[in-house]
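Worksheet: the structure to be examined is printed underneath.
Quick note: the coordinates plus some simple rules give every number you see, no bench work behind them. Worth saying up front: this structure is predicted, and the values here are computed from it rather than measured. Here the Cβ is made from the backbone with ideal geometry for all residues, glycine too, and neighbour counts use every protein chain on show.
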Amino acid sequence: MKIRFFSWTSLPVLALLAGSFSAHAQSTQITSPAGLSGSDTTLTFSGPLGTNLGNPVNFAAGGNTLTFSNTNGFEVDQAGSNYFNTAFANGTEILYGTGFEGSGGTATIDFSTAVSQVGFNAEEFANGPYTMTFSAYDGATWLGTYTANGSDPDGGFNSNLSFEGVQATAGFDITSIVLSDADGNNLGIGPISYAAASSVTPEPGSFGLLFTGLAGLGEMIRRKALRRS
């Protein structure tokens, strides 16, 4: 019986396999505002209430410009003034997605400067409980998709906002968030908090340790194979 021994040329393959195990570790979900950094920038909306601002629409805060896009555009509303039957506190400025309707509707938030974390309350006009889905991207790289539950008070239901929050892991940043809705409900977005992207990247020594470990693994396999031959 011929035994194929470990070869040093196998190291690149093993390295690729090791990387594949972390393919879904590019981000983690933040489930409440308490999970955000206290030094985050918060963008609050302003503009003529109830007026369609078009699509896309830009808002800026903390040296970052956020571009919001969907099907038919957005308007700024205020809870308790022209925005009713909502779980948002009276006086909160809301970015209302007037075109976030129809099965599979989406709304996208693009950051002019990448961020490391982002979080905001949102609300669907669902007349009761709903689940929102949101995905984070670093350019074209998908970082993860998460869900958040809420309940629209319209119709006498108990109310609570959903919280869409995500933190990029080391080596990745967040350049866009995509909100999706399979139910066909319109969307209200509250103030958005975000932190500047981290400049931390894996140190060269980390890669050295990876290859050292793989080399050790290969040597163990070689010795076991020799003992069995």
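What the table shows:
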| item | result |
| --- | --- |
| Rg(Cα) / (2.2 N^0.38 Å) computed for the stretch 31-198, rounded to two decimals | 0.96 |
| Mean Cβ count within 10 Å, highest first, over the residues of peptides 142-151, 172-181, 56-65 | 172-181, 142-151, 56-65 |
| Options GLN167, ALA89, THR133, ranked by Cα towards positive dipole end of the stretch 31-198, top entry (Cβ charges) | GLN167 |
| Summed side-chain charge close to PRO153 - residues other than PRO153 whose Cβ falls under 15 Å, Lys, Arg +1, Asp, Glu -1 | -4 |
| Highest average packing first - 189-198, 69-78, Cβ atoms within 10 Å | 189-198, 69-78 |
| Charge dipole (debye, nearest 20) of the stretch 31-198; +1 at Cβ of Lys and Arg, -1 at Cβ of Asp and Glu | 240 debye |
